[in-house]
Amino acid sequence: MTKKLPGLIFSLAVSALVIGAANAPAVQADANSAKASASREYRIKAAFLYNFAKFTVWPAEAFADAKAPLRLCVLGEDPFHGALAALEGRTVKNRPIIASRLSSGDPLGQCHLLFVSASEHGRLGTILKSLRGMPVLVVGDTPHFARSGGTIRLEIVGNKVHFEINVGAAQHAKLKIDSRLLRLGRIVDKRAASLPQRPAPAEDMAKVATILPASGKSLEN
């Protein structure tokens, strides 16, 4: 059973709230405000996207050269409201992050990590088909996202963290997901049944990586 967010991972959640503080108005701490809750949720999810990128290896041909940026994209309505843009300037394996919002019809192969918004859920099959064989880490948070062929489904409910990983989808995209991250997620691809399948305990996630977005500090084992 997934545990509540203690210790270092709680620091991740709290500090994630300040991502993009310079680019967006502060959110009032109002438990009764659905808008405030959504903002907090997606600031936390932005921090986890950063973690997912850190623990994924793309093939060399996914980049033009050694200094090419890592492109993090949102397809459809943007629920992050500046949280992803605030990641620009940070690096993943010495590659600067560039955040972009895409609309229907934009080329998706330009992205390295693509978050598919809930607004696009109805055409998820078409989106995944267009990306077949491309080195794109496809992430979403809609029901059955990973089981439908997406790479990672991310969900935060209250202070509990869950994510599912479709390793078959990652393999088809020629992506290598760090075994530490695989051990933390719930594997939904039957071909990976030999891998440990358990939810992501918060203390283990803290051991893998705790990102403090406000300071840019990273603690890794």
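The values are calculated or read from the model by the stated rules, or taken from the named source; none is laboratory data. If you're wondering where the values come from, they're calculated on a predicted model, not measured in any experiment. Cβ coordinates were reconstructed from backbone atoms using ideal geometry, including for glycine residues, and neighbour counts include every protein chain displayed.
The number of residues in region 102-122 that are out of contact with any Gly (no Cβ under 6 Å at 6 or more places or on another chain) and part of a loop (DSSP other than H, G, I, E, B) comes to 7.
Of all residues in region 160-177, exactly one satisfies the criterion of being closer than 15 Å to Val139 by Cβ and surrounded by fewer than 16 Cβ atoms within 10 Å (Cβ to Cβ), namely His162. With respect to the conditions (1) among the hydrophobic types (A, V, I, L, M, F, W, C); (2) under 12 Å from the mean Cα position of the chain (by Cα); (3) outside any strand (DSSP E or B), Val139 lacks only one, and its number is (3). Kindly check whether there is at least one residue in region 18-36 that is at pLDDT below 55, assigned to a helix (DSSP H, G or I) and closer than 18 Å to Val139 by Cβ. So far as region 18-36 goes, no, none of its residues is at pLDDT below 55, assigned to a helix (DSSP H, G or I) and closer than 18 Å to Val139 by Cβ. Of all residues in region 151-163, those that are farther than 11 Å from Arg186 by Cα and touching a residue at least 40 places away in the same chain (Cβ under 8 Å) have Cβ atoms under 8 Å from Cβ atoms of residues that are of a type in the set (S, T, N, Q) and not in a strand (DSSP E or B), 6 or more apart or on another chain, in Lys160/Thr2; Val161/Thr2. A single member of Lys129, Lys93 is over 13 Å from the mean Cα position of the chain (by Cα) and on the phi > 0 side of the Ramachandran plot, and it is Lys93.
For region 37-58, give me each residue that is surrounded by fewer than 21 Cβ atoms within 10 Å (Cβ to Cβ), in contact (Cβ under 8 Å) with a residue 40 or more places away in the chain and among the basic types (Lys, Arg). Residue satisfying the conditions is Lys54 alone. Number of residues in region 102-127 that are closer than 17 Å to Ser148 by Cβ and either β-branched (Val, Ile, Thr) or touching a residue at least 40 places away in the same chain (Cβ under 8 Å) (or both): the value is 9.
Which is modelled with pLDDT under 95 and either among the acidic types (Asp, Glu) or touching a helix residue (DSSP H, G or I) at 6+ places or on another chain (Cβ under 7 Å) (or both), of Asp141, Asp178, Asp204?
Values: Asp141 fails: modelled with pLDDT under 95; Asp178 fails: modelled with pLDDT under 95.
Criteria check complete, one pass: Asp204.
Assessment of region 129-136 against the conditions (in contact with a helix residue (DSSP H, G or I) (Cβ under 7 Å, 6 or more places away or on another chain) and without any contact (Cβ under 8 Å) to a residue 24 or more places away in the chain) yields at least one matching residue. Please work out which residue is farthest from Trp58 (Cα to Cα), limiting yourself to region 159-188 and to residues that are assigned to a loop (DSSP other than H, G, I, E, B) and in contact with a Leu (Cβ under 9 Å, 6 or more places away or on another chain). Looking at the filtered set, the residue picked out is Asn159.
When region 159-174 is examined, which residues are found to be polar (S, T, N, Q) and closer than 14 Å to Phe48 by Cα? Steps first, please.
Step one: list which residues in region 159-174 are polar (S, T, N, Q), which gives 159, 166, 171.
Hit for region 159-174 is Asn159, nothing else.
Once region 59-74 is narrowed to residues that are of a type in the set (A, V, I, L, M, F, W, C) and in contact with a Cys (Cβ under 8 Å, 6 or more places away or on another chain), the residue that is surrounded by the fewest Cβ atoms within 10 Å (Cβ to Cβ) is Cys73.
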